[in-house]
Amino acid sequence: MTLFVGLGNPGSQYEETRHNIGFKVIDKLVDDFNARDISKTSFHGKLFRSSNSFFLKPTTYMNLSGKSVQAVKNFFKIELEDVIVIHDDIDLPFGAVRFKRGGGHGGHNGLKSLDAAITKEYLRVRVGVGKPEHKSQVADYVLGNFLLEEQNVLNKLIAHVSQSCKSLVSEDLNHVKSSYSLKSIDGLTS
């Protein structure tokens, strides 16, 4: 069984923000897999299932994401190595995609919460959203909407990340890294 977790914030005011790229990928996966909603209050999130794949959008807000992931992981007895977390990453340029198991949280509140709840050894799909000029602008930046030129290629990026997630179920991590890692959005448009 595989648990895909998209990090984001609930509510329409956050839908188009950089912080919600994980939610957008989960939405695409749910559509692609024709997954059915099996949410329960105790999961603290929207949970969908298609055979042995689960797709979770925590509704706890970013800084409490671990509560939702832990509840679903424990309920379905999903192994830590089968937890795949899709999240925004300001340390990567917009459109870059990287994969890694474990590591630091880089100040990301969603990852901090996950690390505390389930430890750090889950698989991360890091989706670059770029970063603001000044560190003091990070919160406003990640809670801001994508720029128009970014929105124009966002669906292509989401489709790419979604495809990489499907491959993570059947392929080994090194193969997925070599096939799907991107340095920037330019890797998709060429």
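Does segment 114-153 hold any residues that are assigned to a helix (DSSP H, G or I) and under 13 Å from G22 (Cβ atoms), and which are they? Outline the logic, then answer.
Initial filter on segment 114-153 (assigned to a helix (DSSP H, G or I)): 114-118, 135-142, 148-153.
Listed by number, the residues that qualify are L114, V142.
Return yes or no: is L182 out of contact with any Lys or Arg (no Cβ under 6 Å at 6 or more places or on another chain), without any contact (Cβ under 8 Å) to a residue 60 or more places away in the chain, among the aliphatic types (A, V, I, L, M) and within 13 Å of F94 (Cβ to Cβ)? Steps first, please.
Numbers: out of contact with any Lys or Arg (no Cβ under 6 Å at 6 or more places or on another chain): yes; without any contact (Cβ under 8 Å) to a residue 60 or more places away in the chain: no; among the aliphatic types (A, V, I, L, M): yes; within 13 Å of F94 (Cβ to Cβ): yes.
Criteria not met by L182.
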>> Kindly evaluate K131 against the criterion of being surrounded by 17 or more Cβ atoms within 10 Å (Cβ to Cβ), touching a strand residue (DSSP E or B) at 6+ places or on another chain (Cβ under 7 Å) and not aromatic (F, W, Y).
In response: no
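If we keep just the residues of segment 94-120 that are over 22 Å from P132 (Cβ atoms) and of a type in the set (A, V, I, L, M, F, W, C), which is surrounded by the most Cβ atoms within 10 Å (Cβ to Cβ)? Give the steps one after another, and end with the answer.
To start, the set of residues in segment 94-120 that are over 22 Å from P132 (Cβ atoms) comprises 99-103, 113-120.
Subset that is of a type in the set (A, V, I, L, M, F, W, C): 99, 114, 116-118.
Values: F99: 18, L114: 27, A116: 14, A117: 17, I118: 19.
Only one residue tops the list, namely L114.
Which of the residues that make up segment 157-190 are charged (D, E, K, R) and either surrounded by 14 or more Cβ atoms within 10 Å (Cβ to Cβ) or within 13 Å of V127 (Cα to Cα) (or both)?
Here is the first cut: in segment 157-190, the residues charged (D, E, K, R) are 166, 171-172, 177, 183, 186.
Listed by number, the residues that qualify are K166, E171, K177, K183.
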> Can you tell me which residue in segment 35-77 is surrounded by the most Cβ atoms within 10 Å (Cβ to Cβ), limited to those that are of a type in the set (F, W, Y) and part of a strand (DSSP E or B)?
Replying inline: F55
> If we keep just the residues of segment 1-34 that are farther than 15 Å from Q151 by Cα and of a type in the set (V, I, T), which is surrounded by the most Cβ atoms within 10 Å (Cβ to Cβ)?
Replying inline: V5
>> Where the second residue is β-branched (V, I, T) and the first is without any contact (Cβ under 8 Å) to a residue 12 or more places away in the chain and lies in segment 20-33, which pairs have Cβ atoms under 6 Å and are six or more apart or on separate chains?
In response: none
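Going by what's in this entry, would A71 be described as modelled with pLDDT of 95 or more, closer than 20 Å to V138 by Cβ and not charged (D, E, K, R)? Show your work before the answer.
Details: modelled with pLDDT of 95 or more: yes; closer than 20 Å to V138 by Cβ: no; not charged (D, E, K, R): yes.
Against the criterion (modelled with pLDDT of 95 or more, closer than 20 Å to V138 by Cβ and not charged (D, E, K, R)), A71 does not qualify.
The values are calculated or read from the model by the stated rules, or taken from the named source; none is laboratory data. Computed from a predicted structure; not experimentally measured. For neighbour counting, all protein chains shown are included, and Cβ atoms are generated from backbone atoms with ideal geometry for every residue, glycine included.
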